[in-house]
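The values are calculated or read from the model by the stated rules, or taken from the named source; none is laboratory data. None of the values given here were measured: they were computed from a predicted structure. Cβ atoms come from the backbone with ideal geometry, glycine included; neighbour counts cover every protein chain shown. Quick note on the areas: whole protein, heavy atoms, side chains included, nothing else; ligands and nucleic acids left out. Shrake-Rupley method; radii C 1.70, N 1.55, O 1.52, S 1.80 Å.
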Amino acid sequence: MKAIVCHKHGAPLDVLTVEDQSNPVPGRGQVVIDVKAAAITYVDALLVQGMYQYLPPLPFVPGTEVSGIVKSVGDSVERISAGDRVVTGLLSGGFAEQALAEAAQCRPLPADIDFGTILGVQYAYGTALNALQLKGQLQKGETLLVLGAAGGVGLAMIDLGKMMGARVIAAASTDEKLALCRAYGADETINYATGDLKKETKELTGGSGADVICDIVGGEYSEPALRAIAWHGRFLVIGFTAGIPKLPLNLVLLKCCRVIGVNTGGMLLKEPETSLNMMKQVDSLMADGKLNPRVSKRYALENTAQALDDFINRRIIGKVVIEP
Ligand SMILES: NC(=O)c1ccc[n+]([C@@H]2O[C@H](COP(=O)([O-])OP(=O)(O)OC[C@H]3O[C@@H](n4cnc5c(N)ncnc54)[C@H](OP(=O)(O)O)[C@@H]3O)[C@@H](O)[C@H]2O)c1
């Protein structure tokens, strides 16, 4: 089978190669999946660059979320059979024609959804539900400001925020990205590369500020956003694609607001029951047709390095997938 191999850490275009490898064989409790789609995620970008909190030994095949058809099953696998359509998370190995997965972590794919669209649903919408409902307690009629709104998690925030009845302001770095945010339902947009995030948020909220702020990017954007939060607002700390910021605590006092950490992966370990219930809620919203995940671009397996390079350099809009 063909696989994308990382022999050393670095920029994807410099270190990833397309290679022929022997097909995987399922061990006890495992399945082999014929990969139909693999998500490009922030974790993959960090793994290839050697910047993630755990690193698989080199060489390794990156790719942490795949969907496809089960090809074969190992001993003790009861719930899943060859031919089943499944989606699963992996530590690595997804950017290949076949991937080895733990049967217990495979979920069935609803019949009416394609292999690419399902990717990222649990990751992005699970995070959005955790942030907006559990942590942010977003109420109908409140204003939600989303930073990094045209990314995978950001678009899910817009979609879910609208579903929860909020007025959504999307902030991103290009007008093309903001057009996609509008297509997802954003009521207002701010270009934070060319505009003034604090001033425009204040203007769009009649001076009172945003009730809930989803900070997916950090860096230089966090402070102006916090300065535009409403009295009793909730500032949700979600990601640091632009770097880890330091914030003046007096702003928290002045606005009597809350700064809340959102750690969806950590919740899976610390609060497994809450996490499971949340994921079930995502599945049920998906089954009821209430969520609108979309794939904005598909790359061939051979172009995985290019896809990761586009992702790292902010050329990606929305969600992209690899299709072996
Ligand atoms: N806390 C949690 O539970 C949780 C769960 C899932 C993901 N996350 C985190 O959320 C973040 C976003 O994930 P995602 O899947 O939405 O990623 P994504 O699709 O790449 O979106 C991230 C956005 O960050 C913005 N950005 C700003 N500065 C950037 C820079 N220097 N490099 C790259 N992007 C930059 C980009 O938008 P603009 O160009 O418009 O600025 C991009 O659209 C990641 O840090 C991820 O680890 C956290």
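For the reader, a short list of remarks on this structure follows.
- Taking the criterion of being basic (Lys, Arg) and either open to solvent by less than 50 Å² (accessible area, probe 1.4 Å) or in contact with a helix residue (DSSP H, G or I) (Cβ under 9 Å, 6 or more places away or on another chain) (or both), the residues of segment 235-294 that qualify are LYS246, LYS255, ARG258, LYS290, ARG294.
Residue-wise test of (1) within 16 Å of the chain's Cα centre (by Cα); (2) of a type outside the set (D, E, K, R); (3) part of a strand (DSSP E or B); (4) surrounded by fewer than 19 Cβ atoms within 10 Å (Cβ to Cβ).
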{"site": "GLU78", "(1), (2), (3), (4)": "no, no, no, yes"}
{"site": "LEU91", "(1), (2), (3), (4)": "yes, yes, no, yes"}
{"site": "ALA111", "(1), (2), (3), (4)": "no, yes, no, yes"}
{"site": "GLN137", "(1), (2), (3), (4)": "no, yes, no, yes"}
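- Yes/no for ALA228 being open to solvent by less than 30 Å² (accessible area, probe 1.4 Å) and away from the ligand (no atom under 15 Å from the Cβ): yes
- The lone criterion from (1) surrounded by fewer than 17 Cβ atoms within 10 Å (Cβ to Cβ); (2) within 16 Å of the ligand (Cβ to nearest atom) left unmet by GLU323 is number (2).
- Per the conditions (1) open to solvent by 20 Å² or more (accessible area, probe 1.4 Å); (2) in contact with a Ser or Thr (Cβ under 6 Å, 6 or more places away or on another chain), the sole criterion not satisfied by GLY165 is (2).
- Candidates ASN303, ASN250, ASN263 - the one that is at negative phi and within 16 Å of the ligand (Cβ to nearest atom): ASN263
- Of the listed requirements (1) near the ligand (Cβ under 10 Å from one of its atoms); (2) buried (at least 16 other Cβ atoms within 10 Å of the Cβ), GLY219 misses just one: (2).
- One residue alone among GLN98, GLN49 is open to solvent by 10 Å² or more (accessible area, probe 1.4 Å), under 25 Å from the mean Cα position of the chain (by Cα), farther than 23 Å from GLU323 by Cβ and modelled with pLDDT of 95 or more, and that residue is GLN49.
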